[in-house]
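Enquirer: A single structure is presented below for examination.
The values are calculated or read from the model by the stated rules, or taken from the named source; none is laboratory data. All values reported here derive from a predicted model rather than from experimental measurement. When we count neighbours, we look across all protein chains shown, and the Cβ atoms used for this are built from the backbone with ideal geometry, even at glycine. Ligands, DNA and RNA are stripped out before the accessible areas are found, and what is left, the full protein with its side chains, is counted by its heavy atoms. Shrake-Rupley method; radii C 1.70, N 1.55, O 1.52, S 1.80 Å.
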Amino acid sequence: MARILVLGAGFAGLWAAIGAARKLDEMGPRSADVDILVVDRNPYHNIRVRNYEVDLSNAAIPLAELLDPIGVNHVLGEVQAIDVARQQVTVKTSHGKEAFTYDRLVLTLGSELVRPPIPGLAEYSFDVDTYAAALRLDAHLASLGDQAASEARSTVVIVGAGFTGIEVATEMPAKLDRAGVTDHRRIVLVDPSPVVGATIGQDARPVINAALSALGIETMLGITVASVDASGITLSSAEVIPTKTVVWCAGMRASPFAAELGGERDGHGCVMVDQFMRAPGLRNVFAAGDVASCVVDGVHSTVMSCQFARPMGRFAGHNVVADLLGQPMLRLHIDWYVTVLDLGAWGALYTVGWDRKVRTTGAAAKTTKLTINHERIYPPRNGSRADLLAAAAPSLQAPPATNS
């Protein structure tokens, strides 16, 4: 039996697996001898872009709920090594190390937070890179409510003023409210850049600054972190901020397994793929999502976001089956780009185009953001095989609606 092996069950991996199942279903009897196997370290699909939110209910969906109805097998395990020459992947499972061979590989191991070797960072900081990390942060914040009042208890420092850092910072007042930390609190956003949201664009920056100001969030810019310990954070300026909560949001990179493949990669370590999601020069390897980079409109390359990971996954799933069974593949072409940045109780910011022109702000943009985070990016959850397969069609959604 031929095997399609999907590594990772994030936005790209989940939709690659369902997309492959959809294409096999379409092929009828010809697909009887093809097996789809998904490997992931977690037994759930994390709606990762929600990990900054106050309420993480339904942010982790059991894989069995999504894959069992469509006949896709899944293994809980940690990828250890990828051997492209032998077409084999070594996975650490509960049974020890196991080797899984494949006829086609879909690499969708995503991205991870960059953690530089700053003294104390690993031991004393928090993040929202994974669902488990987000739960750990929430448990820590809840514990603050039981502690005696102090400057360190009431101060949160978020490092990294990009998309994630801004969303964590603007949601933090509500998180502290829930934890019962309301006295003399201080939320500080630190970044080495001289501006907040350096990559977000000049048109959007005044909106972000207005939201931060309204929410009482301080910014310390042009500053790096020297060290972190149990009682505070020391900055490159030699200033020490007493705090029990440092949240690291400073930079992302592709899964290090991208480097094992030996193909061409971009500056973030992403595997370069063509519009079919194939990795040129790597036999029988496809890649999608944050671990991959594709020029989608003839000019612009994908960026690490579910906006690109989901269609990349759908097309990878369709094309990996088409390639295996000698059918025509489909090119992924995306001719629009938007960003919707959550700004907590202030609202949100919706921009359009690669130059990120502001479309809507405040409550109107917040409605769009909530629709995206809680509806648009979710797979069907009714257990219907037909609905799951239909949702994986290799087609593009229209841009999110706005109330403007």
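Enquirer: How about the range 243-288: which of its residues are of a type in the set (Gly, Ala, Ser), at pLDDT 95 or above and under 30 Å from residue 231 (Cβ atoms)?
Expert: Passing the criteria: only 250.
Enquirer: Something else about it: Select from the range 283-292 the residues that are more than 12 Å from residue 332 (Cα to Cα) and open to solvent by less than 50 Å² (accessible area, probe 1.4 Å) and list them in ascending order.
Expert: 284, 285, 286, 287, 289, 290, 291, 292
Enquirer: Another question, then. Quick test of your reading of the structure: residue 350 fulfils all but one of (1) among the aromatic types (Phe, Trp, Tyr); (2) open to solvent by less than 10 Å² (accessible area, probe 1.4 Å); (3) closer than 14 Å to residue 400 by Cα; (4) in contact (Cβ under 8 Å) with a residue 60 or more places away in the chain. Name the failing condition by number.
Expert: If we test residue 350 against (1) among the aromatic types (Phe, Trp, Tyr); (2) open to solvent by less than 10 Å² (accessible area, probe 1.4 Å); (3) closer than 14 Å to residue 400 by Cα; (4) in contact (Cβ under 8 Å) with a residue 60 or more places away in the chain, just (4) comes out false.
Enquirer: Mind counting the residues in the range 355-404 that are open to solvent by 70 Å² or more (accessible area, probe 1.4 Å), assigned to a loop (DSSP other than H, G, I, E, B) and at pLDDT 95 or above?
Expert: Looking only at that region, the number is 2.
Enquirer: Yes or no: the range 339-353 includes at least one residue that is assigned to a loop (DSSP other than H, G, I, E, B), within 25 Å of residue 189 (Cβ to Cβ) and among the hydrophobic types (A, V, I, L, M, F, W, C).
Expert: Within the range 339-353, the subset assigned to a loop (DSSP other than H, G, I, E, B) is 343, 347, 353.
Those left that are additionally within 25 Å of residue 189 (Cβ to Cβ): 343, 347.
Restricting the remaining residues to those that are among the hydrophobic types (A, V, I, L, M, F, W, C) gives 343.
Yes; the residues of the range 339-353 include at least one that is assigned to a loop (DSSP other than H, G, I, E, B), within 25 Å of residue 189 (Cβ to Cβ) and among the hydrophobic types (A, V, I, L, M, F, W, C).
Enquirer: Answer with yes or no whether residue 44 is open to solvent by 40 Å² or more (accessible area, probe 1.4 Å) and within 23 Å of the chain's Cα centre (by Cα).
Expert: Details: open to solvent by 40 Å² or more (accessible area, probe 1.4 Å): yes; within 23 Å of the chain's Cα centre (by Cα): yes.
It is true that residue 44 is open to solvent by 40 Å² or more (accessible area, probe 1.4 Å) and within 23 Å of the chain's Cα centre (by Cα).
Enquirer: Suppose we filter the range 3-46 for residues that are in a helix (DSSP H, G or I) and free of Cβ contacts under 8 Å to residues at least 24 places away in the same chain; how many remain?
Expert: Matching residues across the range 3-46 total 3.
For (1) part of a loop (DSSP other than H, G, I, E, B); (2) open to solvent by 20 Å² or more (accessible area, probe 1.4 Å); (3) touching a helix residue (DSSP H, G or I) at 6+ places or on another chain (Cβ under 6 Å); (4) of a type outside the set (S, T, N, Q), each residue gets a yes or a no:
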{"residue": "227", "(1), (2), (3), (4)": "no, yes, no, no"}
{"residue": "238", "(1), (2), (3), (4)": "yes, yes, no, yes"}
{"residue": "274", "(1), (2), (3), (4)": "yes, yes, no, yes"}
{"residue": "299", "(1), (2), (3), (4)": "yes, yes, no, yes"}
{"residue": "308", "(1), (2), (3), (4)": "no, no, no, yes"}
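Enquirer: May I pose another question? Just give me the residues in the range 162-204 being crowded, with 16+ Cβ neighbours inside 10 Å and at positive phi, in sequence order.
Expert: Across the range 162-204, the qualifying residues are 197, 201.
Enquirer: Quick one: what pairs do we get from the range 179-203, first residue free of Cβ contacts under 8 Å to residues at least 12 places away in the same chain and hydroxyl-bearing (Ser, Thr, Tyr), second crowded, with 17+ Cβ neighbours inside 10 Å and not in a strand (DSSP E or B), C-beta under 9 Å, 6+ apart or different chains?
Expert: From residues that are free of Cβ contacts under 8 Å to residues at least 12 places away in the same chain and hydroxyl-bearing (Ser, Thr, Tyr), the pairs are 182/154; 182/176.
Enquirer: Just give me the residues in the range 13-41 being closer than 30 Å to residue 138 by Cα and open to solvent by less than 10 Å² (accessible area, probe 1.4 Å), in sequence order. Break it down stepwise before answering.
Expert: Step one: filter the range 13-41 for residues closer than 30 Å to residue 138 by Cα, giving 13-15, 38-41.
Within the range 13-41, 13, 14, 15, 38, 39 qualify.
Enquirer: Can you tell me which residues in the range 242-272 are in a strand (DSSP E or B), in contact with a Phe, Trp or Tyr (Cβ under 9 Å, 6 or more places away or on another chain) and not hydroxyl-bearing (Ser, Thr, Tyr)?
Expert: Within the range 242-272, 246, 247, 248 meet the criteria.
Enquirer: Taking only pairs six or more apart or across chains, which ones have beta-carbon atoms under 8 Å, a first residue in the range 222-246 that is under 13 Å from residue 190 (Cβ atoms) and free of Cβ contacts under 8 Å to residues at least 12 places away in the same chain, and a second residue that is open to solvent by 40 Å² or more (accessible area, probe 1.4 Å) and not basic (Lys, Arg)?
Expert: Listed by first residue and then by second, the contacts come to 234/226; 234/240.
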